[in-house]
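Peer 1: Take this structure first; my questions come after.
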Ligand code: HXC
């Protein structure tokens, strides 16, 4: 049996996933994504887990899709196997929040994988980019779609067309990442954020993620209605009673995730 490509651990109510192909800077392959999807789906179904963190190494979150593997592929190969399709798309359907803790390179598919997470916490040494143009291709896992939504058209065009990298400070300025911290802090910072999220009522966390995600996928009026109906629905949960009672009784809420 081959060594696992993704390390799977837990930290309290947080599922921790670590890409583990150090020799190729965590280059992504179908096999890596299969393992990642299976692990995330298992955490999604596990009542003991409330949020996840996805990370790589200090040198690389992921340096993109595996160029050595892709080099000889033909159109027929990638089209008929639906490369970047079914199993890669499975990550999009994860319902619990996933935080990307990014240190080092997040390039090509690595940048796209980080953007597919719900938010990114970056180390000061993080480098983001979509260098596919330099390989004679274009981003294929959301780079031309998620990047402009995150950083606007001008910077997305700049990055996608020149293939240049941006550092953590530029990524934070342009809205790609939510926080930048020293490299030795990045994983703890992400786990602490995930622990806070996992302490909240799960139904409200799932709905909050669904509603914010909807802002990317619909017009304002449809999104506002979607949000309002979900807000209404949370009044059917025990945790809403507990959360509001705890506030008025000046104590900490004890959420039961129902
Ligand atoms: C396969 C890779 C790789 C990749 C690095 N390696 N990136 N192997 N696929 N994407 C391998 C190198 O070949 C090398 O193997 C080892 O990892 C260390 O890399 P070096 O280049 O020696 O390290 P360094 O000089 O520090 O440069 C780091 C780097 C550079 C700037 C990140 O490796 C680089 O430019 N990588 C490619 C980045 C890229 O173009 N990504 C986009 C891929 S296309 P050896 O055996 O020599 O030690 C893509 C398509 C998206 O992602 C589609 C959706 C997924």
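Peer 1: Just to check your reading of the model, which residue among 136, 163 is touching a strand residue (DSSP E or B) at 6+ places or on another chain (Cβ under 7 Å), surrounded by fewer than 20 Cβ atoms within 10 Å (Cβ to Cβ) and not assigned by the TED database to the domain that holds residue 243?
Peer 2: Within the list 136, 163, the selection yields 163.
Peer 1: So, of the residues in region 186-223 that are farther than 18 Å from residue 98 by Cα and part of a helix (DSSP H, G or I), which turns out to be modelled with the lowest pLDDT?
Peer 2: The residue in question is 217.
Peer 1: Take the residues in region 101-131 that are in a strand (DSSP E or B) and out of contact with any helix residue (DSSP H, G or I) (no Cβ under 7 Å at 6 or more places or on another chain), then tell me which one is farthest from residue 67 (Cα to Cα).
Peer 2: 119
Peer 1: Among what's in region 8-52 and is assigned to a strand (DSSP E or B) and within 16 Å of the ligand (Cβ to nearest atom), pick the residue that is nearest to residue 191 (Cα to Cα).
Peer 2: Looking only at region 8-52, we keep the residues that are assigned to a strand (DSSP E or B), and these are 8-11, 14-19, 28, 51-52.
Restricting the remaining residues to those that are within 16 Å of the ligand (Cβ to nearest atom) gives 19, 28.
Working: 19: 16, 28: 23 Å.
This residue is 19.
Peer 1: To continue, here is another question. Looking only at region 234-258, count how many residues are at negative phi and in contact with a helix residue (DSSP H, G or I) (Cβ under 7 Å, 6 or more places away or on another chain).
Peer 2: 10
Peer 1: Does residue 148 satisfy the criteria of being in the same structural domain as residue 121 (by the TED database) and surrounded by fewer than 16 Cβ atoms within 10 Å (Cβ to Cβ)?
Peer 2: It is false that residue 148 is in the same structural domain as residue 121 (by the TED database) and surrounded by fewer than 16 Cβ atoms within 10 Å (Cβ to Cβ).
Peer 1: Mind checking which residues of region 67-100 are within 14 Å of the ligand (Cβ to nearest atom), closer than 18 Å to residue 111 by Cα, at pLDDT 90 or above and not in a helix (DSSP H, G or I)?
Peer 2: 83, 84
The values are calculated or read from the model by the stated rules, or taken from the named source; none is laboratory data. Only a predicted model underlies this, so the values are computations on that prediction, with no experimental measurement involved. Note that each Cβ is placed from the backbone with ideal geometry, even for glycine, and that neighbours are counted across all protein chains shown.
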